Each structure stands twice: as structure tokens, then as C-alpha cells.
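Q: Here it is: the structure, laid out below.
The values are calculated or read from the model by the stated rules, or taken from the named source; none is laboratory data. All figures in this text were calculated on a predicted structure; none of them were measured in a lab. Here Cβ is always computed from backbone atoms with ideal geometry, including for glycine, and neighbour counts include all displayed protein chains. For the accessible areas, the whole protein counts, side chains as well, though only heavy atoms, and no ligand, DNA or RNA atoms are used. Shrake-Rupley method; radii C 1.70, N 1.55, O 1.52, S 1.80 Å.
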Amino acid sequence: MNPAPTPTPTFLTLPPKARAYVGAVVAAGAACLVVALTQVRVPHPGLFAGLLALAVAAAATKIELPLGRSQSNLSLSHAVNFWALFALGPSPTICIATAGAWAQCTLRAGGKNPRHRVVFSIATLTITAAVAGLPLGLTLDSDVSVAALARTAAVVAPLYFLINTALVAGAIGLSLRQPIARIWHRNFLWSAPSYLVGAALAAFATAASARGWFGWLALAAVPLYLVFRSYHTVVARLREEQDQTYRAMEVQNATIEALALAIEAKAGCTPEHIRSIQQYAAMLAEAAGLSEAEVQSV
């Protein structure tokens, strides 16, 4: 996403707070998965297998988000996870969400993601599915009525969205030493409608499949596809604007360097001295908590 390539960070190069945060999230995700595997019961193996395959396919169809030096993407696998929650319950959904998270990080990836980033991403979705499944016993009836599904979707969708995006925003904010709330508001709040639509369509799909209305299930994919395509268009436009901004910054930096070289010819400074000053200025700007755009303009 950046015009100039930057070295891929490793776990050891992360700030200490970010390393501790990633480790805690991974440990919590592993605990959730172990508990789910010990409690999983699959009364409908065909539906479980179908949702598992659908989750992997949906996760592989993703949108790369233009978050600067951080990498994140958006897929519609959460709609499948909602369907699994409503139809199968929390434990099978945790297994499906974990498999979908793996597919989202590894399948059709532009490059090989660092191992800690893959494990962290899988853990975030595992935790999200586990937490989102907690209210099911209070909101969902055993007969899967339409009213209960609507009530459950209204509770689960915001909870799923907040947990998932907050966990990712926390990692980005700690890695970049920027306010987590600002990272979340700027980069993730706009994706909330896709979670609400996904939960509503999952409730419809659950009711339709329980009543044998299989012909209506294909219609549920239409609005979800339209949401995905609209997000794809918005993100593509944002990426184009971001690239234009970086190109303008490069021209500005080249102009400043040319002026500095002209001053150096009279002041006796060396080009290496000028570049070292630029590097120190960028490091100080990052330490002060400036955004990436502000750092690039230093």
C-alpha cells in the first residue's frame, strides 16, 4: 500500500506493550479454541461442513484496507459466522471462525504474512466468536423463531463488531504508538454496516433453512454482495487518494532535499549529514505520536 517498500516487522521488533498485548490475545484465543473443541457437538454435520466451506471461501474473498504501515483486510466471513452462531451454537462457530481466520490470512495473500500476525488474527476471530456467543442463551429460543432471531441479531452484531475491531485496533495502536481510539474511529467504524447487514441476513438464512425455504437462500447473498462491492469501490478510491498523497509528499521531500543540497554547497554540510538529520527528525516525529502522513511530511 505504501509506494516505498518498508521492512516487514517481526514480533521482536514490536514495542514491548505491543508484544505483551499480542501474547495475551493469542493466549486467550488458544484457551477459547481448546474449550470449544472439548465442548463441540455437531447435530447437523452437513450444515457444519457447508458453513465451514462457505466461511473459508468468504474469507479468501477479501478487501485489503489501506492502513499505511499496518496491514488489515475485510471479508464477509462474519456473515457466515453469524449464521453458524444462530444455527449451530457457539462451540461449532468458534471452530468455523478459526478456520475462516486462517483462510483470510493465508489464502490469496499478496505476500507471506509474519507468523505472529497470522496467529494474532486467528486468535482475534476466535475470541470474537466466543464472546459473541455468550448472549445466545438469553436471546435465542430453542424453536428458532423469527422474533428470537431478530432479537439475537440485534445483540450479537454490535458485540461481534466491537470485539473484533477493537482487538485489531489495539494491536495497530500499540505497534504504531498511536491512540487506539483514533485508530479504531478512523479505520474501522465505517465497516459497521457490513456486520449489521451480515447478522440480519444470517438470521434470515437460519429461519429459511429451518423451514425448508432453500430457494430463498440465494437471495440472501445479493444484498451482501452489494455491500461488499460498495466497500471495494470505497477502499479502491481511498487507496488511490492515498497513493496520490504519497506521490505529492515524495515530490515535496525531493524539493526540500534539493534546497538543502543547495544550502550545503555554501554551508559545507555533506549529503550524508542531511539524510541523517531527516532520519532523526522522522524518528522524533514517530516518538511524538504523529500520524504516518505527518511523519512523511517531516
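Q: (1) surrounded by fewer than 20 Cβ atoms within 10 Å (Cβ to Cβ); (2) free of Cβ contacts under 8 Å to residues at least 12 places away in the same chain: which one isn't true of Pro179, the others all being true?
A: Of the numbered conditions (1) surrounded by fewer than 20 Cβ atoms within 10 Å (Cβ to Cβ); (2) free of Cβ contacts under 8 Å to residues at least 12 places away in the same chain, the odd one out for Pro179 is (2).
Q: Follow-up. Here's a check for you: in segment 96-110, which residue that is open to solvent by 10 Å² or more (accessible area, probe 1.4 Å) and within 19 Å of Gly198 (Cα to Cα) is modelled with the lowest pLDDT?
A: Initially, segment 96-110 is screened for residues open to solvent by 10 Å² or more (accessible area, probe 1.4 Å), giving 98-99, 102, 104-110.
After this cut, where a residue has to be within 19 Å of Gly198 (Cα to Cα) as well, the list is 98-99, 104.
Details: Thr98: 94, Ala99: 92, Gln104: 83.
Restricting to residues being open to solvent by 10 Å² or more (accessible area, probe 1.4 Å) and within 19 Å of Gly198 (Cα to Cα), the top hit is Gln104.
Q: So is Leu162 assigned to a helix (DSSP H, G or I), open to solvent by 20 Å² or more (accessible area, probe 1.4 Å) and farther than 22 Å from Gly50 by Cα or not?
A: For Leu162, the condition - assigned to a helix (DSSP H, G or I), open to solvent by 20 Å² or more (accessible area, probe 1.4 Å) and farther than 22 Å from Gly50 by Cα - is met.
Q: Mind checking which residues of segment 143-159 are open to solvent by 30 Å² or more (accessible area, probe 1.4 Å) and in a helix (DSSP H, G or I)?
A: Those that are open to solvent by 30 Å² or more (accessible area, probe 1.4 Å) and in a helix (DSSP H, G or I): Val146, Ala147, Ala150, Arg151, Ala154, Val155, Pro158, Leu159.
Q: Can you pull out the residues in segment 165-189 that are part of a helix (DSSP H, G or I) and of a type in the set (Phe, Trp, Tyr)?
A: The answer is Trp184, and nothing else.
Q: So for segment 172-186 (the condition being at pLDDT 85 or above and under 20 Å from Ala97 (Cα atoms)), does at least one residue qualify?
A: no
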